[in-house]
Amino acid sequence: MKLKNLINFDEQQQVFHLHNGNISYILGIDEGGVLSHLYFGPRIKNYHGQLKNPRKDRGFSDNLPEAQERTFSLDFVLQEYSSQGDGDFRNPAAIIRQANGSYSARFVYKDYKISFGKPQLDGLPAAYVIKKNEAQTLKIILEDQVNQLELILIYTIYQDYDVIARSVELINKSDKSVHIEKLASMQLDLPAGKKQQVISLPGAHANERQLQREDINAGTKVFESRRGTTSHQMNNFIAICDSQTDEFQGNIIGLSFVYSGNHKEEIEKDQYGATRILVGINNEQFDWEVKSQQTFQTPEVLMTYSAQGMNKMSDNLHRLMRERVARGKYKFAPRPILVNNWEATFMDFDENKLKPIVDEAKKLGIEMFVLDDGWFGHRDDDNTSLGDWKVFARKFPQGLKRFVDYIHANGLKFGLWFEPEMISIDSELYQQHPDYMLKVPGSKPSPSRNQYVLDMGRQEVRDNIYNQMTAILDSCQIDYVKWDMNRHLTDIYSPVLPANCQGEVLHRYVLGLYQMLEKITTEYPDILWEGCSGGGGRFDAGFLYYMPQSWTSDNTDAVARIKIQYGTSIAYPISSMTAHVSASPNQQTGRLTSMKTRGEVAMSGVLGYELDLTKLSSVDKKEVQAQIAFYKKIRSLVQYGKFIRLISPYDNNRCAWMFVSDDKNEAIVFSFKIMSEAQPAFEILKLSGLDADKTYKNLDTGAVIGGDELMNTGFYEPITQADFSSQVYHFKALAG
Ligand code: DGJ
């Protein structure tokens, strides 16, 4: 097959043009070897080089040392990557402490390389290619001649995804060490123009990824985590859009950081109205020594562009994450419907209490039983046993295998919870290795949930946990693992690093974690791995590379979940979003909701149950059974179909979203009305993403209706007289 060129270099114009059928990204070599940004947007067929960085002699804008005129200044040129001390006074992408103590660096163009495919990043998660010809990679080598440093800007453009993956590598070619104090994974300088807004996903524990949108004004706006992980508090995704952009129209750029540690997203509107965007590892508590001849590779950012609003931007990311970030057996496989015992029993269980839940699960059609926290050490509460991954004999007197065999004999799969990165003081691990936890010599570490964090940057620490975990995984058939993490990182210090490298601890933690995840997930390829951090505290594209799904939130309240799942869907695919039906009143909010609404919110993700099934009334049992049977019919559509947001719960007393099959022959729509009203408006629901020329049948009412009608005239929704009601509409196209 002929390789299709996705990247051109125009020798005459000195311009690089990355393009596929829909998008173009253009950058050029400007005066003095400065690499300037020219364009990111809809596909340009043939770039004729009209867009040159304008020149002007501006006050207080200094010039390049070799400049003949006073009109070119890094103070205002749109750059591809910036550093410090060279006259660009905006937020720098790189801060490097040189061997002589100076912070100045001047990177200028040296060379480039274009190749088919996409290089994987050593030790880091990243989007990948399946076939070499589906993407092309441009490496631009910049050089700081004085300090003998090379900076390689890496861009990969896919042919069939409107995504460009970017990262940066620093090579120290000098004979002395330098220290990186900041090295962003990407910079994007956007020209002044229309009023722009930034979309972000802030939140809290049990309230993750709440959609936020605000104007970009002069000055710097920072979104970040300094908690050691992605965090519930601020997800590592942002989008930049025109103020008129909505779900269906308008320009929007989405940026997803493929990393699970501290992150920083900076948006700076400068003095002349241009906007600089930087995404990368948070530079706070970061200081990385690059020895002579060594390199440092940043994590990757996935950068997408849509001219058709937010839904298209999300779809671009959903497809890429599903198809070129997630890996393993479950990448496209139907995810089993599970029951998890956490909200059913918390840690107060033994096998006799759990078996009736298993029996009931089988009757209801559930496919997997997940044993959550409390099965190991002597853990009856959260004060103990993290780090001791041995079965709690009092709870499982006949061993775990007997219990697991019981579950398999009932035709269910078995899943198990671990929290591998943690240690309790009350544990054998702490008795043997008190130095394994993060703590600063001479001071007392801070507990959180009465637990402490292991120094995952250390091989011997990882080996210890790995050996304990694999002993359990080898002892019986375990089909699923939930990898939890229930606190953030404090007391940042590692005894194995010298004083001048303590700024490496946080990133080494993430690299160590990734190393362990890579090893264990490839050695146990049949296990379905689910990420979790007290709910959705580590919901990011980096973790999705190792684990195709993640627990979305500890908040299982259906009404709260509508906003959480809506916000999460902005950046992450539905196949990654687990959602469970729990008891009512809800344990986190005390809210009462119907089984129907709880089911339909959870069915909009990867469905599971998390309640004591034996306590359900016979009416509820019937309803759950019907939900499960129905979900099995729509599962592949929900998990792998195209997801479209129709009505936002952030601006309305209602919410609606839908899923459409690739061939547009099937669609399922979920619509939620939050609060009941005495005099409600007559509300029309209009669908999207269907084939206007096809005729569809509503499978519940039998009504026949055109795709054009469903999308344009829409239909009136029923008026409900209850809070938190929900509706499902299921359509199939008629043949012919
Ligand atoms: C936090 C998780 O999000 C919950 O689902 C549960 O596994 C608990 N941890 C157990 O400690």
Problem set entry | Condition check for residue 138: among the hydrophobic types (A, V, I, L, M, F, W, C), in the same structural domain as residue 26 (by TED's automatic domain parsing) and under 24 Å from the mean Cα position of the chain (by Cα) | no
Seminar exercise, completed: residue 86 passes all but one of the listed conditions (1) under 30 Å from residue 53 (Cα atoms); (2) at pLDDT 95 or above; the exception is number (2)
Exercise. Which condition number in (1) under 18 Å from the mean Cα position of the chain (by Cα); (2) crowded, with 23+ Cβ neighbours inside 10 Å is the one that residue 172 fails?
Worked result: (1)
Problem set entry | Out of 673, 632, sole residue that is assigned by TED's automatic domain parsing to the domain that holds residue 574 and either touching a residue at least 12 places away in the same chain (Cβ under 8 Å) or among the β-branched types (Val, Ile, Thr) (or both) | 632
For this session: Return yes or no: is residue 189 charged (D, E, K, R), buried (at least 23 other Cβ atoms within 10 Å of the Cβ) and in contact with a Leu (Cβ under 6 Å, 6 or more places away or on another chain)?
Result: yes
Exercise. Considering only region 16-33, how many residues are open to solvent by less than 10 Å² (accessible area, probe 1.4 Å) and within 30 Å of residue 86 (Cα to Cα)?
Worked result: 7
For this session: Report those strands (runs of 3 or more DSSP E) wholly inside region 570-647 carrying at least 2 residues which are closer than 21 Å to residue 687 by Cβ.
Result: 642-647
Exercise. Condition test on residue 360, is it touching a residue at least 24 places away in the same chain (Cβ under 8 Å), acidic (Asp, Glu) and surrounded by 20 or more Cβ atoms within 10 Å (Cβ to Cβ)?
Worked result: no
For this session: Name the residue, out of 686, 694, 664, that is without any contact (Cβ under 8 Å) to a residue 60 or more places away in the chain and within 25 Å of residue 565 (Cβ to Cβ).
Result: 686
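This table checks each residue for (1) under 24 Å from residue 323 (Cβ atoms); (2) within 16 Å of the ligand (Cβ to nearest atom); (3) open to solvent by less than 10 Å² (accessible area, probe 1.4 Å).
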| residue | (1), (2), (3) |
| --- | --- |
| 571 | yes, no, yes |
| 574 | yes, no, yes |
| 578 | yes, yes, yes |
| 584 | no, no, no |
| 612 | no, yes, no |
Exercise. Which pairs do you get when a residue that is outside the structural domain of residue 359 (by TED's automatic domain parsing) and farther than 12 Å from residue 371 by Cβ, found in region 401-412, comes within reach of a residue that is open to solvent by less than 60 Å² (accessible area, probe 1.4 Å) and aromatic (Phe, Trp, Tyr), reach meaning Cβ atoms under 7 angstrom, with the pair 6+ apart or on two chains?
Worked result: none
For this session: Filter region 416-429 down to residues that are touching a helix residue (DSSP H, G or I) at 6+ places or on another chain (Cβ under 9 Å) and within 8 Å of residue 452 (Cβ to Cβ) and give me whichever is nearest to the ligand (Cβ to nearest atom).
Result: 424
For this session: Search region 326-343 for residues being under 17 Å from residue 609 (Cα atoms) and open to solvent by 20 Å² or more (accessible area, probe 1.4 Å), and hand back the single one that is farthest from the ligand (Cβ to nearest atom).
Result: 334
For this session: Check region 345-352 and report whether any residue there is in a helix (DSSP H, G or I), assigned by TED's automatic domain parsing to the domain that holds residue 579 and away from the ligand (no atom under 16 Å from the Cβ).
Result: yes
For this session: Only residues that are at negative phi, within 16 Å of the ligand (Cβ to nearest atom) and in contact with a strand residue (DSSP E or B) (Cβ under 7 Å, 6 or more places away or on another chain): list them for region 383-413, please.
Result: 383, 384, 386, 388, 389, 392
Exercise. Residue 126 fails exactly one of the following numbered conditions: (1) out of contact with any Ser or Thr (no Cβ under 7 Å at 6 or more places or on another chain); (2) within 24 Å of residue 26 (Cβ to Cβ); (3) open to solvent by 10 Å² or more (accessible area, probe 1.4 Å). What is the number of that condition?
Worked result: (3)
For this session: Would you check which residues across region 1-20 are in contact (Cβ under 8 Å) with a residue 60 or more places away in the chain and within 25 Å of residue 88 (Cβ to Cβ) and list them?
Result: 9, 16, 18
For this session: Kindly indicate which of 115, 83 is within 30 Å of residue 545 (Cβ to Cβ), assigned by TED's automatic domain parsing to the domain that holds residue 179, of a type in the set (Ser, Thr, Tyr) and open to solvent by 30 Å² or more (accessible area, probe 1.4 Å).
Result: 115
Problem set entry | Counted residues, region 194-244 - those being within 20 Å of residue 650 (Cβ to Cβ), open to solvent by less than 10 Å² (accessible area, probe 1.4 Å) and of a type outside the set (Val, Ile, Thr) | 9
Problem set entry | Residues satisfying the stated conditions in region 248-269, i.e. open to solvent by less than 20 Å² (accessible area, probe 1.4 Å) and farther than 20 Å from residue 297 by Cβ | 252, 253, 254, 266, 267
For this session: Report whether or not residue 373 is open to solvent by 30 Å² or more (accessible area, probe 1.4 Å), within 16 Å of the ligand (Cβ to nearest atom), assigned to a loop (DSSP other than H, G, I, E, B) and within 21 Å of residue 610 (Cα to Cα).
Result: no
For this session: Starting from region 21-33, take each residue that is in contact (Cβ under 8 Å) with a residue 12 or more places away in the chain and list its partners that are among the aliphatic types (A, V, I, L, M) and assigned to a strand (DSSP E or B), counting only C-beta distances under 6 angstrom and pairs at least six apart or across chains.
Result: 25/18; 25/164; 26/38; 27/38; 28/15; 28/38; 33/108
Problem set entry | Qualifying residue in region 609-629 (condition: at pLDDT 95 or above and within 28 Å of residue 706 (Cβ to Cβ)) | no
Problem set entry | Test: residue in region 106-118 that is over 30 Å from residue 244 (Cα atoms), in contact with a Lys or Arg (Cβ under 9 Å, 6 or more places away or on another chain) and assigned to a loop (DSSP other than H, G, I, E, B) | yes
Problem set entry | Boolean, residue 65 is open to solvent by 10 Å² or more (accessible area, probe 1.4 Å), part of a loop (DSSP other than H, G, I, E, B), outside the structural domain of residue 298 (by TED's automatic domain parsing) and closer than 20 Å to residue 146 by Cα | yes
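The values are calculated or read from the model by the stated rules, or taken from the named source; none is laboratory data. A quick note: this is a predicted structure, and the numbers were derived from the prediction, not measured. Every residue, glycine among them, receives a Cβ derived from its backbone with ideal geometry; neighbour counts consider all protein chains shown. The area values use the complete protein model at the heavy-atom level, side chains included, leaving out ligands, DNA and RNA. Shrake-Rupley method; radii C 1.70, N 1.55, O 1.52, S 1.80 Å.
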